[in-house]
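The values are calculated or read from the model by the stated rules, or taken from the named source; none is laboratory data. Just so you know, these numbers come straight off a predicted model, no measurement behind them. All Cβ positions, even for glycine, are placed from backbone atoms using ideal geometry, and neighbour counts span all protein chains on display. Heavy atoms of the whole protein, side chains included, go into the accessibility calculation; ligands, DNA and RNA do not. Shrake-Rupley method; radii C 1.70, N 1.55, O 1.52, S 1.80 Å.
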Amino acid sequence: MKSPLLLAALLAVPLLAGSPLAHAHSGKKHAPAADVVAEQTAWGIAGKRAEAKRTINIDMTDAMRFTPDQLTVQEGETVRFVLRNTGRMLHEMVIGTPDELARHAAMMAKFPNMEHDAPYMVHVDPGKTGEIVWTFNRAGRFEFACLIAGHYEAGMRGTITVQSQSGVKK
Ligand SMILES: [Cu+2]
C-alpha cells in the first residue's frame, strides 16, 4: 500500500510542472535537455559548435560588468561565447532583445530562486567558464545581461549589434 506521503509527492510533480510560475519567466515552454529543438527567436537561434568560426571571450566580474560589453557580429555568424567568471558570486549571460531581457529581469527580481535555462543563456560559477554557441540569423540591436536578481539593475549588461548582410543596420 502506498503511503500518503509518497502519493502526495507523486501528485506534486505534475502540479509543479504545470504551474504558471514554472514557465512564467520566458512565456515559452522549456524542453528538457534531452530533446531540445532549436527554436528561432527574434535574436537568433541555437548554433552548432562546429559551425562557430569565431570565439568571443567575455569576463564577468562582481563589479557587475561584462568585458567586453559591446559586440558586433555579422548576420548569419555563429559565435562561440566563452564566459569567464572571475568573481566570487554566480553570474550568467543571457542574450535577448532589450524588451525580453527587461521582462525577464523583472521576473528574476520577483522570484530570485527561479530556475531558468535555455540555449541563449549560461550560468557560470565563480572561477569557472561557461559557453554559449549562438547563430545570429537576425540583424538588429540586441543585448546580453546577467539576470541574477540585482545584477541587471546594477548594469551588468552589454550590447550585440548584428549587421545585416547588406551592411545596413536595422
Ligand atoms: Cu551577475
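What the table shows:
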read-out	value
Meets criteria (under 16 Å from ALA149 (Cβ atoms) and in a strand (DSSP E or B)) for VAL133	no
Close pairs (6 angstrom Cβ cut-off, 6 or more residues apart or separate chains): farther than 15 Å from LEU101 by Cβ and of a type in the set (S, T, N, Q) in region 130-155, open to solvent by 20 Å² or more (accessible area, probe 1.4 Å) and in a strand (DSSP E or B) anywhere	THR135/ILE45; ASN137/ILE45
Single unsatisfied condition, GLU51 versus (1) open to solvent by 80 Å² or more (accessible area, probe 1.4 Å); (2) among the charged types (D, E, K, R); (3) farther than 11 Å from TRP134 by Cβ	(3)
Selected residue [within 12 Å of the ligand (Cβ to nearest atom) and touching a strand residue (DSSP E or B) at 6+ places or on another chain (Cβ under 7 Å)] from PRO126, PRO98, PRO119	PRO126
Hits in region 128-170 - residues which are farther than 12 Å from VAL94 by Cβ and β-branched (Val, Ile, Thr)	THR129, VAL133, THR135, THR159, THR161, VAL162, VAL168
Region 49-88, residues that are aliphatic (A, V, I, L, M) and either within 13 Å of the ligand (Cβ to nearest atom) or assigned to a loop (DSSP other than H, G, I, E, B) (or both)	ALA52, ILE58, MET60, ALA63, MET64, LEU83
Selection count where residues are under 18 Å from MET64 (Cβ atoms) and within 14 Å of the ligand (Cβ to nearest atom), scope region 101-116	6
Identity of the residue in region 141-161, in a strand (DSSP E or B) and open to solvent by less than 10 Å² (accessible area, probe 1.4 Å), that ends up nearest to the ligand (Cβ to nearest atom)	ALA145
Conditions (1) surrounded by fewer than 14 Cβ atoms within 10 Å (Cβ to Cβ); (2) modelled with pLDDT of 95 or more: number failed by ILE132	(1)
Subset of region 81-99 that is out of contact with any Phe, Trp or Tyr (no Cβ under 8 Å at 6 or more places or on another chain) and farther than 11 Å from GLY130 by Cβ - its residue that is least open to solvent (accessible area, probe 1.4 Å)	GLY87
Selection status of HIS116, on the phi < 0 side of the Ramachandran plot, assigned to a loop (DSSP other than H, G, I, E, B) and either surrounded by 19 or more Cβ atoms within 10 Å (Cβ to Cβ) or within 12 Å of the chain's Cα centre (by Cα) (or both)	yes
Close pairs (6 angstrom Cβ cut-off, 6 or more residues apart or separate chains): open to solvent by 70 Å² or more (accessible area, probe 1.4 Å) in region 62-76, at pLDDT 95 or above anywhere	THR67/ASP59; GLN70/THR159; GLN74/GLN163
Residue in region 27-37 that is touching a Leu at 6+ places or on another chain (Cβ under 8 Å) and modelled with pLDDT under 95 present	no
Residue ID - farthest from GLU143 (Cα to Cα), chosen from residues in region 89-111 that are without any contact (Cβ under 8 Å) to a residue 60 or more places away in the chain and in a strand (DSSP E or B)	GLU92
